[in-house]
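Just dropping this structure here.
The values are calculated or read from the model by the stated rules, or taken from the named source; none is laboratory data. Everything numeric in this text was worked out from a predicted model, so none of it was measured. Every residue, glycine as well, gets a Cβ built from its backbone with ideal geometry; the counts of neighbours run over all protein chains shown. Each accessible area value is taken on the protein alone, full model and side chains, heavy atoms only, with ligands, DNA and RNA left out. Shrake-Rupley method; radii C 1.70, N 1.55, O 1.52, S 1.80 Å.
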Amino acid sequence: MARINVNPTRMELTRLKKRLAMAVRGHKLLKDKRDEMMRQFVKLVRENAALREQVETALSAALGEFALCRGLMEAEMLENALLYPARTVELSLGRANIMSVRVPRIEAKTGEVVLSYGLAQTTSQLDGAIASLAEVFPDMIRLAEIEKTCNLLADEIEKTRRRVNALEYVMIPDLQETIRYITMKLEENERGSLTRLMKVKDMMAAREGQ
């Protein structure tokens, strides 16, 4: 703890007490914000872990089917089959607010899957791979949204944690120490003034008795 360098006056004491009350109130609000952000963060991390496992499983299956296609089809034919998109996607980007943290919201509107190649020249594994990728695409969008949200929340949690610690371990103790110091100084001054008054009174009484 370090005492703030101020004049030990009643005006400074009143001002510091107001600052202390504001710091204590701000400390509580920041702690509540940090705790709620942590709750939201843990919830999103769990959802992210489950969704990531689901997406990676689906992508592994789709890549396995693509590998089979590569072995069963000529490279040029496979490349021509994949040259045109199988479906249209429209992305809408927005923002949401989590405890004053602006996080992304992504909405994907997808059209129907339309195979742009002839079925006679391709294999069923290619159809399955494209269908698997089309099915997992919305989950990939949601995964990207969650991971960005987690990154933003983690940054804000760290900033809030530093502010809470600064208030709890530096600012509030310094204010309390300074208030104690000024209070002691004022009490000491009051005792000194009272002692002087009593001496003056005794001197005046002694003069009147002469």
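Evaluate the following for residue 22: is it surrounded by 16 or more Cβ atoms within 10 Å (Cβ to Cβ) and either more than 22 Å from residue 171 (Cβ to Cβ) or among the hydrophobic types (A, V, I, L, M, F, W, C) (or both)?
For residue 22, the condition - surrounded by 16 or more Cβ atoms within 10 Å (Cβ to Cβ) and either more than 22 Å from residue 171 (Cβ to Cβ) or among the hydrophobic types (A, V, I, L, M, F, W, C) (or both) - is not met.
Select, from 168, 187, 177, 208, the only residue that is acidic (Asp, Glu), within 28 Å of residue 12 (Cα to Cα) and more than 36 Å from the chain's Cα centre (by Cα).
Testing whether each residue is acidic (Asp, Glu), within 28 Å of residue 12 (Cα to Cα) and more than 36 Å from the chain's Cα centre (by Cα) leaves just 187.
Taking into account only those residues within the stretch 123-150 that are open to solvent by 10 Å² or more (accessible area, probe 1.4 Å) and of a type in the set (Val, Ile, Thr), which is modelled with the lowest pLDDT?
Filtering the stretch 123-150 for residues that are open to solvent by 10 Å² or more (accessible area, probe 1.4 Å) and of a type in the set (Val, Ile, Thr), the one modelled with the lowest pLDDT comes out as 123.
Got at least one residue in the stretch 165-175 being closer than 23 Å to residue 43 by Cα and either modelled with pLDDT of 90 or more or part of a helix (DSSP H, G or I) (or both)?
No: the stretch 165-175 contains no residue that is closer than 23 Å to residue 43 by Cα and either modelled with pLDDT of 90 or more or part of a helix (DSSP H, G or I) (or both).
Tell me which residues, restricted to the stretch 9-46, are closer than 22 Å to residue 176 by Cβ, in contact (Cβ under 8 Å) with a residue 40 or more places away in the chain and of a type in the set (Val, Ile, Thr).
Selection gives 9, 24.
Quick check on this structure: which one of 185, 159, 199 is charged (D, E, K, R), at negative phi and open to solvent by 100 Å² or more (accessible area, probe 1.4 Å)?
199
Next question. Being surrounded by 13 or more Cβ atoms within 10 Å (Cβ to Cβ) and either farther than 15 Å from residue 124 by Cα or at pLDDT 90 or above (or both) is the filter here; which residues of the stretch 48-74 pass it?
Across the stretch 48-74, the qualifying residues are 48, 51, 52, 54, 55, 58, 59.
So residue 32 ticks every box in (1) at pLDDT 85 or above; (2) in contact with a strand residue (DSSP E or B) (Cβ under 9 Å, 6 or more places away or on another chain); (3) among the charged types (D, E, K, R) but one. Which box is left unticked?
Going through (1) at pLDDT 85 or above; (2) in contact with a strand residue (DSSP E or B) (Cβ under 9 Å, 6 or more places away or on another chain); (3) among the charged types (D, E, K, R) one by one, residue 32 breaks only (2).
Condition first: at pLDDT below 75 and either among the hydroxyl-bearing types (Ser, Thr, Tyr) or outside any loop (DSSP other than H, G, I, E, B) (or both). Now tell me which residues in the stretch 89-122 satisfy that.
116, 117, 119, 120, 121, 122
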